[in-house]
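Inspection log for the structure reproduced underneath, given as structure tokens.
The values are calculated or read from the model by the stated rules, or taken from the named source; none is laboratory data. Computed from a predicted structure; not experimentally measured. Here the Cβ positions follow ideal geometry from the backbone for every residue, glycine too, while neighbour counts run over all protein chains shown. We work out accessible area using only protein heavy atoms, side chains counted, and drop any ligands, DNA or RNA first. Shrake-Rupley method; radii C 1.70, N 1.55, O 1.52, S 1.80 Å.
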Amino acid sequence: MRVYLDNNATTIVDPHVFQEMEPFFVQKYGNPNSLHSFASETHQPLKDAMERIYAGINAPREDSVVVTSCATESNNWVLKSIYFQYILTGRKNHIIVSEVEHPSVMATAKFIESQGCRVTYLPINHEGLIDAQSVRDNITDKTALVSVMMANNETGGIFPVQEIGEICKEYNVPFHTDAVQAVGKIPVNVQSFNVDYLTFSAHKFHGPKGVGGLYIKKGRELIPLLHGGSQMGGLRSGTLNVAGIVGMGKAMEQAIDALDYEMIDVRAMRDNFEDELLKIEDTFVVTPRDKRTPNTILISFRGIEGEAMLWDLNCAGIAASTGSACASEDLESNPVMEAIGADADLAHTAIRFSLSRYTTQEELDYTLEVVKKAVKRLREISSSYAYTPNR
Ligand code: C6P
């Protein structure tokens, strides 16, 4: 049996999404900016796709939704543009991010820090969450941006973006949220969240890889990251990824249709699975369930290196992760576990199981049996587990 429980890394493309994309590879392959029928036959499908995307995040018509190549590009764009517009010009000197942002925000923040910007990294609390008050405590009249993710990719922890948005509005500071792990799992509504910028990525909600987006509120315009032609109103140059945009539109529509299933049925399956995992001795989950996206579990098995557990799971055909896929090669401990101050033993033992609407009960039952066997086997050979005090 093969079981895919790494849906926070990427998801299967929904067959209906694939079906809608297919004509745009070998039949309707025109460049939308050309002046012939090969181009014009792409216009209506692109328009329909953009409408689905606007509707999916409840973006008003007057605001912009710009298609990018991925969330990494969207996140880079916001931070770098703010740097060029506010920091380099000397109007402001400071940004605020959480200490557990995805590397596409974190590395960009570090880069602009190296260019002279002051960066505040907001700490997470013992539940792996951000306290909105900490944003208020750190905002100054020199703050050019607050960037706090909507849901954490490692724990699934949902951050208080609505409250943070209100604080930013009060101080008139632009607010960006990386909603990559939220779209399709919890309601995402740019009008009720008071956000100025919102990042999303199609491959996290059963759309194709290589296409994402950035919502930009009117009045909070950015300067382009990619200069060139007039595509996307000159905001993001480069020939449009027609198939990708069509696919993202369809995936967004389906994600909204499936939201109740995700929030009720996937959550119920996740909760049951988690209950069973927690029956295994010496297991820990950081963020409370009701404060998490419905599909995610980050669980530590004391005494077992995350990579060793992944090996056993993989041998049994099960895909999970030790955290963010981008950081999977560095063998560092999980950044969220570190940030909550977990001891070194525990910080290396986290495993992320992330479900999707395609996950079945049978798959979870099978995974549970494999996990139990792996825990037994790996603890028998674990020196750190054998000598754990007070156990
Ligand atoms: N997180 C994970 O395993 P791209 O691939 O550029 O469209 O998405 C990047 C990204 C940005 N923000 C968040 C919150 C994310 O979770 C991701 C992707 C994957 O957690 C791969 S590193």
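The residues of the range 200-242 that are more than 15 Å from the ligand (Cβ to nearest atom) and under 22 Å from the mean Cα position of the chain (by Cα), listed by number, are Ile216, Lys217, Leu222.
The residues listed here are Asn125, Asn33, Asn58; of these, the one that is open to solvent by 70 Å² or more (accessible area, probe 1.4 Å) and away from the ligand (no atom under 15 Å from the Cβ) is Asn33. Under the condition of being polar (S, T, N, Q) and either outside any loop (DSSP other than H, G, I, E, B) or within 11 Å of the ligand (Cβ to nearest atom) (or both), the residues counted in the range 185-197 number 2.
Flag not set for Tyr197, criterion: assigned by TED's automatic domain parsing to the domain that holds Ser104, under 25 Å from Pro123 (Cβ atoms) and more than 16 Å from the chain's Cα centre (by Cα). Hey, any hits in the range 101-110 for a residue that's outside any helix (DSSP H, G or I) and either basic (Lys, Arg) or assigned by TED's automatic domain parsing to the domain that holds Val195 (or both)? Yes, the conditions are met somewhere in the range 101-110.
For every residue, the table says whether it meets (1) assigned to a helix (DSSP H, G or I); (2) of a type in the set (Phe, Trp, Tyr).
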{"site": "Glu154", "(1), (2)": "no, no"}
{"site": "Gln162", "(1), (2)": "yes, no"}
{"site": "Cys168", "(1), (2)": "yes, no"}
{"site": "Thr177", "(1), (2)": "no, no"}
{"site": "Val183", "(1), (2)": "no, no"}
{"site": "Thr199", "(1), (2)": "no, no"}
{"site": "Pro208", "(1), (2)": "no, no"}
{"site": "Tyr215", "(1), (2)": "no, yes"}
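Within the range 1-30, can you find the residues that are within 16 Å of the ligand (Cβ to nearest atom) and not hydrophobic (A, V, I, L, M, F, W, C)? The answer is Tyr4, Asp6, Asn7, Asn8, Thr10, Thr11. I'm checking my understanding of the structure. Among residues of the range 336-358 that are assigned to a loop (DSSP other than H, G, I, E, B) and open to solvent by less than 10 Å² (accessible area, probe 1.4 Å), which one is farthest from Pro123 (Cα to Cα)? Checking each candidate, the answer is Ser356.
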